[in-house]
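Comments concern the structure below.
The values are calculated or read from the model by the stated rules, or taken from the named source; none is laboratory data. Just so it is clear, the structure is predicted and the values come from calculations on it, not from any experiment. Here Cβ is always computed from backbone atoms with ideal geometry, including for glycine, and neighbour counts include all displayed protein chains. These area figures cover heavy atoms from the full protein model, side chains too; ligands, DNA and RNA do not enter into them. Shrake-Rupley method; radii C 1.70, N 1.55, O 1.52, S 1.80 Å.
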Amino acid sequence: PTGYMENSISYSAIEDVQLLSWENAPKYCLQLTIPGGTVLLQAANSYLRDQWFHSLQWKKKIYKYKKVLSNPSRWEVVLKEIRTLVDMALTSPLQDDSIHQAPLEIVSKLLSENNNLTTQDHESIIVAIAPLLENNHPPPDLCEFFCKHCRERPRSMVVIEVFTPVVQRILKHNMDFGKCPRLRLFTQEYILALNELNAGMEVVKKFIHSMHGPTGQCPHPRVLPNLVAVCLAAIYSCYEEFINSRDNSPSLKEIRNGCQQQCDRKPNLPLRLLHTSPDLVSQEATLTESRLKPVIVTASEIHVEVERNNTANQKMTANVGNDSEPNLIDCLMVSPTCSTMSIELSAQADRILGCYVEILKMLSDYDDWRPALASLLQPIPFPKEALAHEKFTKELKYVIQRFAEDPRQEVHSCLLSVRAGKDGWFQLYSPGGVACDDDGELFASMVHILMGSCYKTKKFLLSLAENKLGPCMLLALRGNQTMVEILCLMLEYNIIDNNDTQLQIISTLESTDVGKRMYEQLCDRQRELKELQRKGGPTRLTLPSKSTDADLARLLSSGSFGNLENLSLAFTNVTSACAEHLIKLPSLKQLNLWSTQFGDAGLRLLSEHLTMLQVLNLCETPVTDAGLLALSSMKSLCSLNMNSTKLSADTYEDLKVFL
């Protein structure tokens, strides 16, 4: 019979597959031998015929191995068949993912159905399939098998010799652990196995360094996000018991074990918080003996046990009479000298936590990884139970310190919260925050780097004045130069309206040598400012080309410019630093910055102080979207030239709405 096949032929029925090679044979044909005779398949060309030939051979052998390995009798025979299967997959000329993936799935099914293997059998099978894992991710069941081996035999040489390249490939090429959660779990168990070796964290450190590479720039963009995902999941698992006691829902582990019913759940596990209570303070202020009275506070998200202290002179800001249930962070916003949080983790969870927090520290030491790491940790991705755990926040402090020391804006800007009402690392580690344990040293470092960048603005100072004025004054009283500068800027920009508070700030400044010196300089600047803003002087002013910031400062300090309305700095060498002097011109309405080096930091300062500006020329300046968006608050602006800047279409549309 000729033509198209009317009935299918099962692969198991094919006894042999051959290429027709005799003389005068039909061109491009395959001969299939079946129980009822033979069938000739004719292809359009030799390339397609060869594809058919190798595909049929591969499929026929796969069915054979599935049958052989589905009913194993002796494991030495099974191991021999697995090695043959691997060799067949490696030598096949076919280029397809399933060529290597199908043997892995066969072995994975074999292992999932046979749980009584010896350790030697485990290692022999892993070594046998190792060549297939060089270019393929292991299937989910195989990942479970690998995880079990890492847990039971972490010191096995298989972990170092076979699993290392597999995990390296996962970290370099995996795009989404959400689709392959067992790959993440395998990576997590592998790192824990490395930590169990004699050298411990030194081995883990060498592994992290091998993933980064010897150069200053990691060539694999997926390594850092994947490592952070593994760390976050591992840290979350340490607090999973506490988290699930909060909402009484089954944990992932219990779901895998089939425990999903309410009756199977463990009772809620309360957390203990030692917290000073204001009402007890008022009662005990006149007493000579201290008393401790435990109180249970049921928060909306977790059970917190509170013990009251008898410290009478502490200023508490908690709203005691509020009927609404407080969130955990509000409950924990207490001074570190009178509060401790006790979460007892199991020994295993404690080891996991220590290992993965240490990895986060290692990641923060790489300069090229730090910007992305800071971005991945904003907003705060850890559960509230972790933030309430003193050991965790104390260890993580090193990472936040590294962010605070980095001069790059994209790094230290991640210390701030992403939106109003959402606490960030800055709030968490500032005095009064749950993680603060150093009397504000880290807080001072964070403020210093933020003020030295583009956050020298009224908004940032106003936030400090409203929420952290007490800590700022305390640190200034102890001679911290950054906080002294903060207080001087609050006075200079008229951030503080209350006269008594202003006098208290002045007294604080005058109590130290550095504060007294900076306050005297502030007074001198204020006198110069009054002279500068005194009515009189020119209404228009143009600086010569090539003028610098110093030239502008020298000119403005030479007389009064209270009437100056039009200032042209076009084609000069001024930068954003000159904004400090421009904001002191009360009548300025037109400003020409064409072809200068005036940037985003200067624009932010202008937008907060020169609210009456009507005309602004930024043509051929290095400003970007980040600075231009700040101009949306300048409601008096009538003309804005942004030609030859890095303005994007989206920012242009946004500015059109506001201006």
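With the simple spin-label model, which puts each label point 7 Å out from Cα in the Cβ direction, the residue 119 to residue 12 separation comes to 4.0 nm.
What is the calculated FRET efficiency for residue 587 to residue 405, with r their C-beta to C-beta distance and R₀ = 51 Å, to the nearest 0.05?
On the way: r = 42 Å, r/R0 = 0.82.
Once rounded, the FRET efficiency stands at 0.75.
In terms of its C-alpha gyration tensor, the stretch 454-535 has an oblate overall shape, because the principal axis ratio a/c (a ≥ b ≥ c, square roots of the eigenvalues) is not below 1.5 and a/b does not outweigh b/c.
Other residues whose C-beta falls under 13 angstrom from the C-beta of residue 599 contribute a net charge of -2, scoring Lys and Arg +1 and Asp and Glu -1. The modelled label-to-label distance between residue 611 and residue 20, using points 7 Å beyond Cα along the C-beta direction, is 9.1 nm. The calculated FRET efficiency for residue 367 paired with residue 650, based on their beta-carbon distance and R0 = 22 Å, is about 0.15. Among 3-12, 18-27, 630-639, 69-78, the peptide with the highest mean count of other Cβ atoms within 10 Å heads the list, and the full ranking is 630-639, 69-78, 18-27, 3-12. A Förster radius of 51 Å combined with the Cβ-Cβ distance from residue 494 to residue 344 puts the calculated FRET efficiency at roughly 0.50.
Candidate cross-link partners of residue 394 among the lysines, defined by an alpha-carbon separation under 20 Å and a same-chain spacing of 8 or more, comprise 361, 384.
By its C-alpha gyration tensor, with a ≥ b ≥ c as the square roots of the eigenvalues, how is the stretch 403-451 shaped: rounded for a/c under 1.5, else prolate for a/b larger than b/c, else oblate? It is oblate, given that a/c is not under 1.5 and a/b is not larger than b/c. The residues of the stretch 454-535 expose on average 56 square angstrom of accessible surface per residue, using a 1.4 Å probe on protein heavy atoms.
About its Cα centre, what dipole magnitude does the stretch 454-535 give when the only charges are +1 on Lys and Arg Cβ and -1 on Asp and Glu Cβ, stated in debye to the nearest 20? Numbers along the way, then the final one.
Numbers: 12 positive and 11 negative charges, 55 e Å.
In debye, rounded to 20, the stretch 454-535 gives about 260.
Peptides 103-115, 426-438 ranked from most to least packed, by the mean per-residue count of other Cβ atoms within 10 Å: 426-438, 103-115.
Between residue 34 and residue 570, the modelled labels are 8.7 nm apart [label points 7 Å from Cα along Cα→Cβ].
Counting Lys +1, Arg +1, Asp -1, Glu -1, what net charge surrounds residue 636 among other residues with beta carbon under 14 Å of its beta carbon? Combined, the nearby Lys, Arg, Asp and Glu give 0.
Of the heavy-atom accessible surface of the stretch 454-535 (probe 1.4 angstrom), what whole percent is carbon and sulfur? Of the solvent-accessible surface of the stretch 454-535, carbon and sulfur hold 45 percent. Between residue 2 and residue 466, the contour length at 0.36 nm per residue exceeds the alpha carbon distance by 158.0 nm.
Starting with the highest mean, order 137-145, 522-530, 609-617 by the number of other Cβ atoms within 10 Å, averaged over the residues of each peptide. Working shown, then result.
Working: 137-145: 21.1, 522-530: 12.9, 609-617: 18.2.
Most protected by this proxy first, the peptides run 137-145, 609-617, 522-530.
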